[in-house]
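Please read the structure below before turning to the comments.
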Amino acid sequence: MKKIFGKFIISLMSFSAALLTFSVSANTLDKIQSEGAVTIGVANEVPYGYTTPDGKPAGEAPSIAVHVLNDLGVDNVNVVVTEFGSLIPGLRAGRFDVIAAGMYITPKRCKQILFSNPTYSIGEGFLVKNGNPQALNGYDSIDANDVKLGVMSGSVEYGYARDFGIAMNKIVTLPDYPSGVAALKSGRIDALAGTSLTMASLAQKDDRVELAQPFTPLMIKGESVKGYGGFGFRPADTALRDAFNENLTVFIDTKEHIAMVEPYGFGKHTSPGGMTAKELCQ
């Protein structure tokens, strides 16, 4: 009887803790509106989400986030920088309230967090040494050569490489893109994988590397791979997610939106075209 009663008490305590966690998380929208402050998480990845030297939010996702949050009456937007692979754990642990890193919306991630509808769509690319000495112009060229492909920890590119059939001993996981560029220049890897936008941005910053062109569009199991990025929220934060979506619906693809994201390389050519998180999560 004591054992049963003890188990009942533990279960009741666990339920109460879960209920409290749900209550706190479910009221995030009310909380940030009441306090006028919110914290967003970024992975310091140009041009998706990063901070300026003085700590200000910059990039496609943070710029849109600030606009939406201001419309929701939240004027103080703080930023936490973490590794890409730590974004979802950090969000769930309460280190920040919104992931504003241009994170791809995938079914696997949808099982862990909520997503807004996408704000952009883009394809893949490689960063290579100048002249592309190994002629690495697509995922199909990796297995055809004795080379190493670098991918960022927690990124979709790791899954792309695996699902494409690239041998695991040819895939090198790196903590962030600066580390990837360093590995490329030192010869530790022969190509760095990421979105074409990120790779082009990295190439502009270093005259020893370049975007692999032309690039063979990535196809996996007969389907074209195209990424759609959006904002991430804790599972209980449906009110905050829905408020974001309402604002995004009337903002994305407007002249104001295009003018905001063009400095980061986005624009009409990266429009999500009416795609929804619901479709991408299936």
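Data overview
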| quantity | calculated |
| --- | --- |
| Residue tally, condition on the phi > 0 side of the Ramachandran plot and modelled with pLDDT under 95, over segment 176-193 | 0 |
| Residue 228, sole failed condition from (1) more than 20 Å from residue 147 (Cα to Cα); (2) of a type outside the set (Gly, Ala, Ser); (3) assigned to a helix (DSSP H, G or I) | (3) |
| Filter pass, residue 209 being surrounded by 14 or more Cβ atoms within 10 Å (Cβ to Cβ) and modelled with pLDDT of 95 or more | yes |
| Filtered residue count, segment 107-136, keeping only those that are open to solvent by 40 Å² or more (accessible area, probe 1.4 Å) and more than 30 Å from residue 91 (Cβ to Cβ) | 6 |
| Every residue from segment 199-239 that is free of Cβ contacts under 8 Å to residues at least 40 places away in the same chain, among the charged types (D, E, K, R) and within 18 Å of residue 105 (Cα to Cα) | 223 |
| Output for segment 59-71, where each listed residue is in contact (Cβ under 8 Å) with a residue 24 or more places away in the chain and in contact with a strand residue (DSSP E or B) (Cβ under 9 Å, 6 or more places away or on another chain) | 59, 60, 61, 62, 63, 64, 65, 68, 69 |
| Unique residue being surrounded by fewer than 18 Cβ atoms within 10 Å (Cβ to Cβ), hydrophobic (A, V, I, L, M, F, W, C) and either at pLDDT 95 or above or farther than 20 Å from residue 261 by Cα (or both) when the list is 43, 61, 37, 65 | 37 |
| Test for residue 76: is it touching a helix residue (DSSP H, G or I) at 6+ places or on another chain (Cβ under 9 Å), open to solvent by 60 Å² or more (accessible area, probe 1.4 Å) and modelled with pLDDT of 95 or more | yes |
| Looking only at segment 136-155, and only at residues there that are among the aliphatic types (A, V, I, L, M) and touching a Lys or Arg at 6+ places or on another chain (Cβ under 9 Å), the one that is nearest to residue 198 (Cα to Cα) | 149 |
| Conditions (1) open to solvent by 50 Å² or more (accessible area, probe 1.4 Å); (2) part of a helix (DSSP H, G or I): number failed by residue 214 | (2) |
| Enumeration of residues in segment 236-271 that are outside any helix (DSSP H, G or I), open to solvent by less than 70 Å² (accessible area, probe 1.4 Å) and at pLDDT 95 or above | 236, 237, 252, 254 |
| Scope segment 83-106; condition of a type in the set (D, E, K, R) and buried (at least 23 other Cβ atoms within 10 Å of the Cβ); matching residues | 97 |
| Selection status of residue 201, polar (S, T, N, Q), under 18 Å from the mean Cα position of the chain (by Cα) and surrounded by 20 or more Cβ atoms within 10 Å (Cβ to Cβ) | yes |
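The values are calculated or read from the model by the stated rules, or taken from the named source; none is laboratory data. All of these numbers come straight from a predicted model, not from anything done at the bench. With ideal geometry, Cβ positions are generated from the backbone for all residues, glycine too; neighbour counts draw on all protein chains shown. All accessible areas refer to the heavy atoms of the entire protein, side chains included, with ligands and DNA or RNA removed. Shrake-Rupley method; radii C 1.70, N 1.55, O 1.52, S 1.80 Å.
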